[in-house]
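The values are calculated or read from the model by the stated rules, or taken from the named source; none is laboratory data. Just so you know, these numbers come straight off a predicted model, no measurement behind them. Here the Cβ positions follow ideal geometry from the backbone for every residue, glycine too, while neighbour counts run over all protein chains shown.
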Amino acid sequence: MPTRRGSRSSHVRPRPPSTGRPSPQRVRIPAPDAYRLKKARGISSRRRRIPFLARVLLAAALVVLGGAVFLTAGGGVGALTGALSRSLFGFVDRITATPEPSATSLVVSDAPIIALPTEPYTNQPTADLQVTIPAVEVGNTGARLRIYLTLEGQAPAPIAEVPMGTTIRMVVPVELTPGRNDFNATIVVGGVESEPSPIVTFILDTDPPVLVLATPKEGATVNADNVTLSGTTQPRMTLLARNQANGTSISGQTAADGTFALNLPLENGTNAILMTGRDPAGNVGELTVNLVRGSGTLTASLTSSAARISTASLPVSIQLSALVLDPDGAPLQGAALTFTLTVPGIPPISKDAVSGIDGRASFTTTLPSDVTVGSGLATVLVATAEFGTTSAQKTITIVE
């Protein structure tokens, strides 16, 4: 019921009496932001789109219809309709057909392997390549084995192409060119080539080796039971020296630098010696040398610092000296000497020595007061591996 306040009607609703419960809260819905207002679409604009295929068919139908209208007067409606229908259905078939996988490139198996030769050097004009092919290519009529040759200073060039064999091992004969020949192989299937095999080398060498004898010289006299043949040739050579005088022979190998030394027994008189050498390729070189076995022998001489010693001078120092000469009369170095001094009153005194570059050796000792009057003897024994042994002696007299 309206009331009046100061003769004016009141529009304020009177507050109901309190019941002890809180009044309900109003919830205000927030206004949409500017982005949503901008992107908002009406119901009419939310129509569902026609599927892509349906749109394509509809466009094609419109084209057919337009063509039919254009050619109605010329009587070409049937032809146009048939052509467009075929094009349309062909297009549809291409879109809806299941795609076929594209052809993959041909894959060639692993590369073959050419066996390494036991010896790369050869004097033969041909060689057999021992080739191992992958097991999957054995008997493959569509595959071929291709051989390449590389010469020094040239690019690789194919020289042979053979069909696959019935086993994993094949033998391919090839011709060699003087010098270095590098071979490798590939497998070719349908125009596709595998990776090349590792290179295998053959070296064609037809030149005989040259042997150069340094000592002894042709016609030399050798005053020894044996002679050492020393010289040079190429490395990895097998040598054989034969003395025609006594039929003895000795073999050996050259050193890494091509040097050699062979020791051969000699006979009295003239000795014709034939030496041959075979190189790794199988080529043989030879030389002949004639030597004379001399009558010279190993000699030694002995001297003493005192040959007569008085007991009144004892004790006294004494020196023994020896000179060793080879059968040719030249000082011999490296000979083994044993000096022995025997005088009355004391045990024998001995000393070992080695001859120097001048062929000499010496021994010094002291004679004690125990030495008595009498005759003594100084000796030297010389031993060599090449010239045998010899000895020399000297008398030592002890007086009052």
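What about Glu267, is it within 36 Å of the chain's Cα centre (by Cα) and either within 30 Å of Leu367 (Cα to Cα) or of a type in the set (D, E, K, R) (or both)? Considered against the rule, which asks whether it is within 36 Å of the chain's Cα centre (by Cα) and either within 30 Å of Leu367 (Cα to Cα) or of a type in the set (D, E, K, R) (or both), Glu267 comes out as no.
Looking across segment 293-310, just one residue is more than 15 Å from Gln393 (Cα to Cα), of a type in the set (Val, Ile, Thr) and surrounded by fewer than 16 Cβ atoms within 10 Å (Cβ to Cβ), and that is Thr297.
Look at Val373 and say whether it is in contact (Cβ under 8 Å) with a residue 60 or more places away in the chain, more than 25 Å from Thr297 (Cα to Cα) and not polar (S, T, N, Q). Judged against the criteria, Val373 is a match. Taking (1) under 25 Å from Ala224 (Cα atoms); (2) modelled with pLDDT of 95 or more; (3) in contact with a Ser or Thr (Cβ under 9 Å, 6 or more places away or on another chain) in turn, Asp358 satisfies each apart from (3). Here Leu323 does not fit the description of being in contact (Cβ under 8 Å) with a residue 40 or more places away in the chain, surrounded by 13 or more Cβ atoms within 10 Å (Cβ to Cβ), in the same structural domain as Val382 (by TED's automatic domain parsing) and over 52 Å from the mean Cα position of the chain (by Cα). The condition of being among the small types (Gly, Ala, Ser) and more than 18 Å from Val227 (Cβ to Cβ) holds for only one of Gly247, Gly269, Gly285, Gly252, that being Gly285. Only residues that are assigned to a strand (DSSP E or B) and surrounded by 14 or more Cβ atoms within 10 Å (Cβ to Cβ) were counted across segment 227-248, and they come to 11. For the condition modelled with pLDDT of 95 or more, among the acidic types (Asp, Glu) and surrounded by 18 or more Cβ atoms within 10 Å (Cβ to Cβ), Asp279 qualifies. The set of residues in segment 325-358 being acidic (Asp, Glu) and outside any strand (DSSP E or B) consists of Asp326, Asp328, Asp358.
Out of all the residues in segment 213-224, is one or more more than 30 Å from Glu286 (Cβ to Cβ), touching a strand residue (DSSP E or B) at 6+ places or on another chain (Cβ under 6 Å) and not in a loop (DSSP other than H, G, I, E, B)? Checked segment 213-224: no residue is more than 30 Å from Glu286 (Cβ to Cβ), touching a strand residue (DSSP E or B) at 6+ places or on another chain (Cβ under 6 Å) and not in a loop (DSSP other than H, G, I, E, B). Filtered by the rule that a residue be hydrophobic (A, V, I, L, M, F, W, C) and either in contact with an Asp or Glu (Cβ under 8 Å, 6 or more places away or on another chain) or in a loop (DSSP other than H, G, I, E, B) (or both), segment 258-290 gives Leu266, Leu274, Met275, Ala281, Val289.
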